Amino acid sequence: MFLKNAWYVAAWGTDVSSELQQIRILGEKVCIFRTDSGGLIALEDACPHRKLPLSKGRIKGDTVECGYHGLTFDCTGQCVAAPGKGDIPPNARVRSYPVHERYGLIWIWMGDASRADTDDIFVIEHYEDPAWGINRGASMDIKCNYLLMTDNLLDPTHVAWVHQSSFAQDAAKDAPLSITKKDDGVAVHRWMLDVEPAPFYKKIIEFEGNCDRLQHYEVRYPCLALIRAIFAPTGTGAPDDNHHDQTFIMDSYNFMTPISETETRYFWFQLRNIRPDDEDLSDMMSNDVREVFEEDVIILENVQVGMTEMTTPNIDLSIDGGQLGFRRQLSKMIAKEHEEPVIRQ
Ligand code: FES
Ligand SMILES: [Fe+2]
């Protein structure tokens, strides 16, 4: 079950060109491309005649021609040319999805097009801020339901077991979690005080000695996450919002797009508050982060199988509060959407 009235990431902007291509989102097939005049278009990827995907056809100027019998569709999905001598059938149209390019990503609205408002796209603080560096991200497909990923991204505790050589530190791994329910999502955070910096961060931070570390894990509906890591020299008051010159902040953006109930496309990148122009640092962080995410993939794909094929009931723990609250609210939102009349363009 998916929330339709929401912006999802369809692709990296650099991966969409004037070649027709099919992407699958929420179980739907979408044909996405740029027109000769640079417009960004996403159409239902199924010709209404014999359902050949439009992505198997051709771009003709600002239209797409079906590769089977030539029905031709404009950017709104309306058929504008038909083969033979007959008129264009009134129902010869395909669905057109609102799309918008921002932050180097193509965002797509999968629900009622009249409700799509680009002001509702996830806001990325410090994007293109000259004081902040960016680790250009990547994407990968993971064979699991997207909610296993939202679970994972509301769970600071898993780091101690899954990412032992990178993000984890042994001390304070049982520090208590605080859960904040917001209108647009859930955040789980904790401070770990006077601890040795974890190996991944030790290579980056610009101070010696122990740190006060924040793990802030926040997922917004339906499946867009901000993971904020703060490492401040210990005792400098970071938990009270005091900022020290050497405090390191990394904002990790993690956007999940369900492909189907059992597959999710994962997009990510990070922003950091130090050495914005240091490309070597960006490359090192990008590579390390990818390795860390590969550790999550092994867990998530195995949990997907385990939860699907379980022969005895699973249990919940006290650390699961944020995830369970998120799931409850999202399923209410999805149920509400199903009660509303569907208006499709
Ligand atoms: S299948 Fe597209 S025109 Fe026939
Ligand atoms: Fe992880």
Do any cysteines in the chain lack another Cys Cβ under 4.7 Å, and if so which?
-> Cys31, Cys75, Cys79, Cys144, Cys211, Cys223
List the GluC sites (Glu not before Pro) within the range 1-74 that fall in a DSSP loop (any state other than H, G, I, E or B) and whose Cβ has at most 16 other Cβ atoms within 10 Å.
-> Glu19
Using alpha-carbon coordinates, inclination of helix 321-339 to the longest axis of the chain, degrees = 20
Please identify, among Thr63, Thr311, Thr180, the residue showing maximal mean-square fluctuation in a Gaussian network model of the chain using a 10 angstrom Cα cutoff.
-> Thr311
Charge dipole (debye, nearest 20) of the range 172-282; +1 at Cβ of Lys and Arg, -1 at Cβ of Asp and Glu | 340
Checked against the positive end of the charge dipole of the chain (+1 on Cβ of Lys and Arg, -1 on Cβ of Asp and Glu, about the Cα centre), the farthest of His69, Gly86, Pro233 is Gly86
Rounded to the nearest Å, what's the spacing between the alpha carbon centres of the range 243-281 and the range 288-324? Just the number, please.
-> 21
Summing +1 for each Lys or Arg and -1 for each Asp or Glu, what net charge is found among the other residues whose Cβ lies under 12 Å from the Cβ of Leu224?
-> -2
Net charge (Lys, Arg +1; Asp, Glu -1) of residues whose beta-carbon lies under 15 Å from that of His100, His100 excluded, is -1
Place +1 on the Cβ of every Lys and Arg and -1 on the Cβ of every Asp and Glu in the chain, take the dipole about the Cα centre, and give the residue among Leu330, Leu40, Asn314 whose Cα lies farthest towards its positive end.
-> Leu40
Exceeding the 18 Å Cα-Cα cut-off - candidates Lys4/Lys29; Lys29/Lys336; Lys4/Lys182 | Lys29/Lys336; Lys4/Lys182
Under 15 Å from the Cβ of Gly84, count the other residues' Cβ atoms, weight Lys and Arg +1, Asp and Glu -1, and hand me the total.
-> 0
Read phi for every residue in the range 83-95 and hand back ³J(HN,Hα) as whole Hz from Karplus 6.51 cos²θ - 1.76 cosθ + 1.60, θ = phi - 60°, with x for Gly and Pro.
-> x, x, 9, x, 5, 6, x, x, 9, 7, 8, 10, 6
The chain, helix-only ellipticity at 222 nm - DSSP H runs n ≥ 4, -39,500 (n - 2.57), divided by all residues, nearest 500 | -6000 deg cm²/dmol
Selection from Pro53, Asn5, Leu147 lying farthest towards where the dipole of the chain points positive, charges on Cβ | Pro53
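Computed from the coordinates by the stated procedures, all read-outs in this text should not be read as laboratory data. Computed from a predicted model, the values in this text were never measured in an experiment. Because the Cβ atoms are built from the backbone with ideal geometry, glycine has one as well, and the counts that use them run over all protein chains shown.
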